[in-house]
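What follows is a short report on a single structure.
The values are calculated or read from the model by the stated rules, or taken from the named source; none is laboratory data. Remember, it's a predicted structure, so these values are computed and weren't measured experimentally. A quick note on method: Cβ atoms are made from the backbone with ideal geometry, for glycine too, and the neighbour counts reach across all protein chains shown. Accessible surface is based on the protein model in full, side chains and every heavy atom, while ligands, DNA and RNA are left aside. Shrake-Rupley method; radii C 1.70, N 1.55, O 1.52, S 1.80 Å.
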Amino acid sequence: MYKSNYKRVLSAVLVVVMLLGMLPVTSFSAATGAIGQAELLSAIPDLDFVIEENSLELVEIVAFEEDFAPGYGSNGKFLAPIGAPDDDSLPISTRAQLEAIGNDATSLGGKYHLINDIDLGGSGWAPIGSYNTSFTGTFDGQGYVIRNLTIAGNIYQYAGLFGYANIGTIRNVGLEDTHINDSYTPSFGRPHAGGICGIIVGSSSIFNCYNTGYVSTSDFAGGICGSISDNASISNCYNLGDIYSYSSSSSTACMAGGICGTSAGAISNSYNT
């Protein structure tokens, strides 16, 4: 509703400016003199007629709307509307509170939402959730941004803001200036790296999220998620960051993609540049 009204206001203002520019100087002077609103409006030609007869102006109006129409979230960069957090969701405002989600099985199954942007400062980040202690809760970024998430070295098999989500929900969060350079060489399995999550399994979902930073690992690499399994899904997401996958051995294939490295689940309404 806000987006629609915003576009109508922009269109109306632009049309009035254009039409005033079309009027003869005498009409413009009269319209801008000591006259009322009714006289001003009567001096403007019929709006429908002008738009129909001046298609170039109409194209300019549409282009103006598309360039300046707001998106969603605190910065206007999210693709979908953002609803209120769950009633029993806990607010997160600091790095320490964000890190605490990964402390134990109880917290990994909780519900959380951001109430402001968080800058992780570029110091090493420990992904929330692992293979043995996966994230099973709900994380709602509420249209805020987490900046400068950094993971480097041979430490984590599942790298991202979240490492491993099983029947978990992650939504409405943006990652900017991400730097994930995961060189993990596991004794079994394969590394997975994604801006939002390393891997999502079960009926996990990532909704209305984006990544603008660098993601690299030796196997499954994606801007949003390294890999998604059956029944898991990604929707209304996009990636603007560089994604790299390099083989850790001659017998291992590289799996890289803008949204995810590999998927057996569903991806919809999402894009990569």
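Rolling a 1.4 Å probe over the protein chains gives SER130 an accessible area of about 50 Å². Of SER123, SER233, SER204, the order by accessible heavy-atom surface (1.4 Å probe, DNA, RNA and ligands excluded), from most exposed downward, is SER123, SER233, SER204.
Which residues among segment 164-196 fall inside the zone where the amide N is under 15 Å from a point 7 Å beyond the Cα of ALA152, along Cα→Cβ? Only 178-184 pass the distance filter.
With r as the distance between the Cβ atoms of LEU90 and ASP117 and R0 = 22 Å, compute the FRET efficiency 1/(1 + (r/R0)^6) and round to 0.05. The partial results should precede the final answer.
Numbers: r = 18 Å, r/R0 = 0.80.
Given R0 = 22 Å and the Cβ-Cβ separation, E is 0.80.
Between ALA126 and LEU240, the modelled labels are 3.2 nm apart [label points 7 Å from Cα along Cα→Cβ].
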